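Structure first, commentary second.
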Amino acid sequence: MPVCRKEEGIMTNAWKAIRKVLLTVVLALVIGALFILLISENPIDAYVALFQGAFDGKLSFGTTLASFTPLLLTSTAFAIAAKAGAFNVGVEGEVFLGGIVAAYIGVNWTFLPAPMLYVACFLGAMAVGAAWAFIPGFLKSYYNVNEVCVTILMNSVALYITSYLVSGPMSAGVANAQSDPVTVNLYQFLKPSSANVGLFIAIAAVVFIIWMLKKTTFGYKIRTVGTNPMHAEYVGINPRAIFIKSMMISGALGGMAGCIEVLGVHGYFLNNFATGLGSNGMLAALIVKSDVVLAPFMAFFLAILKSGAMGMQQSTGVPKSIVDTITAVFIIIATMELLFQFNGKRKKKKKDKAEA
Amino acid sequence: MSDYVVEMTGIVKSFGEVQAVKNGYFTLKKGEIHSLIGENGAGKSTMMKLLYGMYGFDDGVVKVNGEELTSITPKLAIEKGIGMVHQEFMLVNELTVLENIILGFEPKKGMTIDFDTARKNVNHYIDQYGMDIQIGKRINQISVGEAQRVEIIKILTRGANTIILDEPTAVLTPQETRRLFEILENLRRDGKSIVFISHKLNEVMEISDRISVMRQGEYIGTVDKKDTNPAELAKMMIGREVFLNIEKKKAKAGEVVLKVDNLWTSGEKEISKIHGVDLEVRAGEIVGIAGIDGNGQSEFIEAITGLRQVEKGKVYLGGQDITNLSPRKIRDAGLTHIPEDRNTRGLNRTMSIMDNLIAVQVDAKPFSKGMLLDTGAALEHSKELAEKFDIRPRDPQMSTESLSGGNAQKVVVAREVSIGGKLLVASQPTRGVDIGAIESIRSILQDVKEEGLGVLLVSADLEEILSLSDRIVVMYEGKISGRMDADEANEDNLGLLMMGGQDTSHAGVQEGGRDHD
Amino acid sequence: MQFSNIINASLIYATFRASTPIIYAALCAAITQQANILNIGTEGIMLVGAFTAVTVSYLTGSWVLAILISMLAGMAIALIMAVGHIKYQAEICAIGMGINMFAIAITKYLLNSILGKSGSFSDPKIVGIPKVHIPFLDNVPVLGDIFNNWAITEWFVIILVIVITFIFYKTVWGLRLRAVGRFEMAAQTAGINVNAMKYQAIMISGLIGGLAGAHLSLGYSNLFTENMTNNRGFMGVAAMYFGNAHPVFTAIGCLIFGFADSVGARVQAYGVPSQFVLLMPYVITVAVLAISMASKKAAEKKRKSSLTT
């Protein structure tokens, strides 16, 4: 049987993956350009303004980094759950809850010395995020309840819970629904942007996740469960436990993102602050098929689009909502497995191909 | 006008990089039974699936009744009078027998389906061929033999003149096979042309008019039955002479390693629920479980390996109660398991040979160092196993995705056998693998027995059961219908037990089964 | 808090009213589910339908035209999903979520750029779906409260549930659809064009999803707001699971959610924080989904081999 050599296989696969991402980017930008033409604006001007808005000057670049930080975590959160076979749309809810817990601890646990308080904020946020993700993980693995539905609906529940808390019991009593300012903050740089050292915490967390997935036995188990739970069960790995744990890790990363947003960006819990953070992270992960190494790069690209959007809206007549449209087109194209497979090499996935 | 109803020449078909058929050739005369034989993976099923339009062929010419067909869909094939009984039945479990039969060719009354006409029409065919089929039942309520008859009726109601049967006897008892052959004889008498795919030479010699042989995707030749003999066919199939009958080594049975006491479980179908099974396996012996697929063998194995809940009864391994323990704990107690389905259970096809070889021991030394996976140790171990068990390709970092059936199965066997322990459960260990792998897997099972492990073998292949087992039990409708020593057993007495010891004329008629609680 | 002010005859209509958009959404999901395609994109299809309906009604003044065009818009969006999933093998959850994100973004973008509004759009020129006034019921005490002044699309949903049930279980197309969903190869070998069936199912689902949106924006309310579907599409999918894709049982599931919604709205008047009222339908949906799947699993457990799913 002719089998291509392994090294070649890896090279071509990597090249194919990258080529596909690039083609997807180009096609999405072209479709986006059509939407811009639709409202009689110049797409090239718009795109130039977009990238200027993302990189031109300290503020712009800082803003890009600030919006990259949560996306880095939420995209990895989605990806790690996906590795175990879960479609966790609930990262956004976990960001909200992580944020509210960080705000609560940051405001009220002043009896702790400052370094401990940081740790408490992070641990509290991550624990609650994990606990929240446990629910859909449990329901899916024990009762086969579709996790997409559950996590989406639970996002709304999380939003309303935090919204109730900051407009009621935890309200700062100002016009906006928000909490009192927290007593610990993450150091900000590139001021006046809100880029902060949370970025490096996030990078460290993501590196840890990648290491765990690739190098540890636990990572091996996640990969096994995600690709073939029946096999995992048979070889003596408990697929349910692994599935739930991955969901909880995913939730913890979401909670961490919420904590960084509260301690690093806002300084308090602002109602609704996480809207879009979860879904954009999901987009970044989906585009690269939940590859944990590539997801951060995609997250960075989306962060550029996000932070440049405002500049584009100001300097051209193109509404910043075009960016959401482009990213959505992006994801639709990216999910189409066979779109950029040329040469008619559309392999049929017949499992009995070698045994037919 | 050609003499042939079907003519296939120069057929080529590849799946990805694997060439399943190269230069395939096949002809079918009107009113003949033409057997297409070859080993697993010889391309015989693929040839016929191409004729039925399941896949498109890459190159070659297909003529049906003299007319060349450049692209075939199942719909076109049906229109041209071709019908196929697939190895895996194409029946929707949740629909009724009647709904399955009329699917795609539903008689209509206005906007709705005319079930009355449909029933009348189907009953007409059932009576004509004297088959017993209960058309009101759902597919998951009937037996395998009956389902096969449903498939045949389905094809006949669609007006097929050419009938392809893909390994139809694999799921039947010898007695049921004889009934099937009577039906085929009747069909031939009515002028139908039949393609019979098989690798069982005695059956082929019994039923065929002509026989074509394929090997490794290539056409080898066609012979008239009256001019040939099994030895010649075997040589054509394999390309060399093969003696599968390994010399059985006398068992030196030791103490009991597996004791199953009055086991009850749920089941995929009514007839596959386990109803109170007792069984013992001793160290150093092979106990074979014979039976037609779907009579509870899978459920029984799943129950003792921790993959299915035991509802009642006890399972002991080496004296330790392992009832309803997790698969992990059962493995720790000394059980290893070659599962019946290597694609879903046995292997993770997305991972490498190495990853699959260490899957069971990923938490054990030397592969696990603290939390870390020691890929060096894993690689070394895998290379050793690949060498010892002749897994091709040798490179353990290759993906298992494109492994052939035989090599894929060797990965599973290597992993399980290398662990050792007390009991090896081998379920359909040679299903869908080539003849070379069959030989080596069977001799490995013998070796395992020699080393003093108990072996529990499940196989639907009577020849395999007879050639390996020291003791044989027969499973029928979730119960043990008979037990005997291997030297008392033969195809006839086992075949009878496989049907619950009933008279053959009632074979396959099963009432829903009893619910025990 | 007076119990009779919460539970009374008008609650029946309130429940049904709150349920209708979800029933449409659930039917949208049920049709594809019969072909074994999980329509996660229901939400997005519905949102596009809602936007199209309001825009067309505003521009042309015709609610009939608005409904028709929104159905076509729903079908167009569904077609993207169909091509992606069937032809290019996109994973259905992934492309479904993509469709949802796209719907939110594109409606927002078009709201900004075409209608020049942000957040929401309402205008006296938007012609809503008319209500059916039955003069005879005006003076009938209880029935008048319950049955009078339903929007046309509220009556129509009942018809639609019956029609789709009939199609699923009595027609040739329905039998083939169910065969495709349960065992694709069996349908293929019966000469059925499996992909054609899937395309048809998704396209029809798109029509109904568009209608669901039109009803939401022109029947249930008379305006468009960003993301106005507010997860009703997902509730529909949940109800579809609850009813096992059988239209009647699915609709019953929707009524449970509608009931939670309308009771919540009444309880709010008694000082319960609005957020709790708003989150109740979601909590109940998740609970109902969990309970119905758990009981299904318990029934299956007798049969299925694996501990995993």
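The values are calculated or read from the model by the stated rules, or taken from the named source; none is laboratory data. Keep in mind that this is a model prediction, so the values were computed, not measured. Reconstructed Cβ throughout: ideal geometry from the backbone, glycine too, with neighbour counts over all protein chains shown. Remember, those area values only see protein heavy atoms, side chains included, never the ligands or the DNA or RNA. Shrake-Rupley method; radii C 1.70, N 1.55, O 1.52, S 1.80 Å.
Longer than 23 Å from Cα to Cα, which of B:Lys49/B:Lys75; A:Lys83/B:Lys388; B:Lys44/B:Lys192; A:Lys140/C:Lys297; B:Lys80/B:Lys154; B:Lys259/C:Lys296 are they? Say none if no pair is. Kindly include the intermediate steps, with their values, before the conclusion.
On the way: B:Lys49/B:Lys75 13 Å; A:Lys83/B:Lys388 33 Å; B:Lys44/B:Lys192 20 Å; A:Lys140/C:Lys297 11 Å; B:Lys80/B:Lys154 15 Å; B:Lys259/C:Lys296 34 Å.
Correct reply: A:Lys83/B:Lys388; B:Lys259/C:Lys296.
Mind pulling up the Rg/Rh value for the range B:124-230? Radius of gyration and Kirkwood radius, both on Cα. Before the final figure, lay out the partial values.
On the way: Rg = 15.0 Å, Rh = 15.1 Å.
Using only Cα positions, Rg/Rh for the range B:124-230 is 0.99.
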Problem - Between helix B:405-419 and chain B: long-axis angle, C-alpha atoms, 0 to 90°, nearest 10 - result: 20 degrees
Exercise for the section: Over the whole of C:274-287, what's the average partner chain Cβ count within 10 Å per residue? Rounded to a whole number, please. Expected result: 5
Problem - Gaussian network model of chain A, springs between alpha carbon atoms under 10 Å - residue of A:Phe273, A:Phe68, A:Phe218 with greatest fluctuation - result: A:Phe218
Practice task
Over 42 Å, how big is the tail of the calculated P(r) for the protein assembly as shown, in percent of all Cα pairs?
Solution key: 49 percent
Completion exercise
If one builds a Gaussian network model of chain C from Cα atoms under 10 Å apart, the most fluctuating residue listed among C:Tyr241, C:Tyr109, C:Tyr58 is C:Tyr109
Completion exercise
If each part is reduced to its alpha-carbon centroid, the range B:392-413 and the range B:263-316 end up apart, in Å, by 29 Å
Handout entry: Dipole of the range B:328-372, positive direction: furthest Cα of B:Met354, B:Thr344, B:Phe367, with charges on the beta-carbon
Key = B:Phe367
Exercise for the section: Mind grabbing the base-10 log of I(q)/I(0) for chain B at q = 0.06, 0.09, 0.10 Å⁻¹? Debye formula, identical points on the C-alpha positions, no solvent, two decimal places. Expected result: -0.31, -0.70, -0.87
Practice task
Given the options A:Ile249, A:Ile332, A:Ile304, state which has the largest fluctuation in a GNM of chain A using a 10 Å cut-off (strictly under) for Cα springs.
Solution key: A:Ile332
Exercise for the section: Compute the acute angle (0 to 90°) between the alpha-carbon long axis of helix B:435-450 and the principal axis of greatest extent of the alpha-carbon atoms of chain B; round to the nearest 10°. Expected result: 30 degrees
Exercise for the section: Just tell me, in residue order, which DSSP H segments of chain C are both 20 angstrom or longer along the helix axis (alpha-carbon based) and at least -1.0 in mean Kyte-Doolittle hydropathy. Expected result: C:9-34, C:42-60, C:63-82, C:92-113, C:152-170, C:194-214, C:247-267, C:274-301
Fill in the blank from the handout: Gyration tensor on Cα atoms of the range B:4-238, a ≥ b ≥ c root eigenvalues, a/c under 1.5 rounded, else prolate if a/b beats b/c, else oblate, says prolate
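Just the ratio, please: alpha-carbon radius of gyration of the range B:9-134 over 2.2 N^0.38 Å, N its number of residues. Don't skip to the end; give the middle numbers.
On the way: Rg = 17.6 Å, N = 126, 2.2 N^0.38 = 13.8 Å.
Its radius of gyration relative to the 2.2 N^0.38 Å reference: 1.27.
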Practice task
Please average, across the residues of B:207-219, the number of beta carbons from any other chain that are within 10 Å of each residue's own beta carbon, and give a whole number.
Solution key: 0
Practice task
Would you work out which of C:Ile22, C:Ile256, C:Leu175 lies farthest towards the positive end of the dipole of chain C? Charges go on Cβ: Lys and Arg +1, Asp and Glu -1.
Solution key: C:Leu175
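Can you give the percent of C-alpha pairs in the range B:66-184 whose distance is more than 22 Å? Don't skip to the answer; put the middle values down first.
Numbers: 2462 of 7021 pairs.
Of the Cα pairs, 35 percent sit more than 22 Å apart.
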Practice task
Counting residues in the range A:83-144 as N, plug N into 2.2 N^0.38 Å and put the Cα Rg over that result.
Solution key: 1.35
Completion exercise
Carbon/sulfur accessible area of the range A:62-315, % of total, 1.4 Å probe, equals 67 percent
Handout entry: DSSP H segments from chain A that extend 20 Å or more along their own axis, Cα-based, with Kyte-Doolittle mean of -0.5 or above
Key = A:6-38, A:57-83, A:91-108, A:114-143, A:147-167, A:198-215, A:239-260, A:295-315, A:321-335
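What number do you get for the range C:1-119 when its Cα radius of gyration is normalised by 2.2 N^0.38 Å, N = residues?
Values: Rg = 17.4 Å, N = 119, 2.2 N^0.38 = 13.5 Å.
Against the empirical 2.2 N^0.38 Å value, I get 1.28 for the range C:1-119.
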Problem - Top positive-direction residue, dipole computed over chain B with Cβ charges, set B:Ile238, B:Val412, B:Ser212 - result: B:Val412
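Can you say what percent of the DSSP beta bridges in the range B:4-238, counting only those with both residues inside, are antiparallel? Round to 5.
Working: 24 of 42 bridges.
If I count the DSSP bridges inside the range B:4-238, around 55 percent turn out antiparallel.
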Problem - Cα extents of chain C along the three principal axes, largest first (Å) - result: 59, 48, 39
Completion exercise
Diffing the range B:90-107: the Karplus 3J(HN,Hα) column from phi (6.51, -1.76, 1.60, θ = phi - 60°), in whole Hz with x for Gly and Pro, holds 8, 10, 8, 3, 7, 9, 7, 4, 4, 4, 5, 5, 8, 3, x, 9, 6, x
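At a 1.4 Å probe, what is the % contribution of carbon and sulfur to the accessible area of chain B? Please list the in-between numbers first.
Values: 9280 of 19840 Å².
Result for chain B: 47 percent of the exposed heavy-atom area is carbon or sulfur.
When the convex hull of the Cα atoms of the range B:347-419 is projected onto a plane and the area is averaged over all directions, what value comes out in nm²? Walk me through the numbers before you get to the answer.
Details: hull surface 16.8 nm².
Projected area, direction-averaged: 4.2 nm².
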Problem - For the range A:62-315, the spread of Cα positions along each principal axis, largest first, Å - result: 57, 41, 34
Practice task
Can you spot the aspartates and glutamates whose alpha carbon is less than 19 Å from B:Lys249's alpha carbon? Ignore those fewer than 8 places along the same chain.
Solution key: B:Glu285, B:Glu439, B:Asp447, B:Glu450, B:Glu451, B:Glu463, B:Glu464, B:Asp470, B:Asp485, B:Asp487, B:Glu488
Fill in the blank from the handout: From DSSP H assignment alone, runs of 4+ in chain A each adding -39500 (n - 2.57), the sum over residues rounded to the nearest 500 puts [θ] at 222 nm at -23500 deg cm²/dmol
Fill in the blank from the handout: In debye to the nearest 20, the charge dipole size for the protein assembly as shown, taken about the Cα centre with +1 at each Lys and Arg Cβ and -1 at each Asp and Glu Cβ, equals 1940 debye
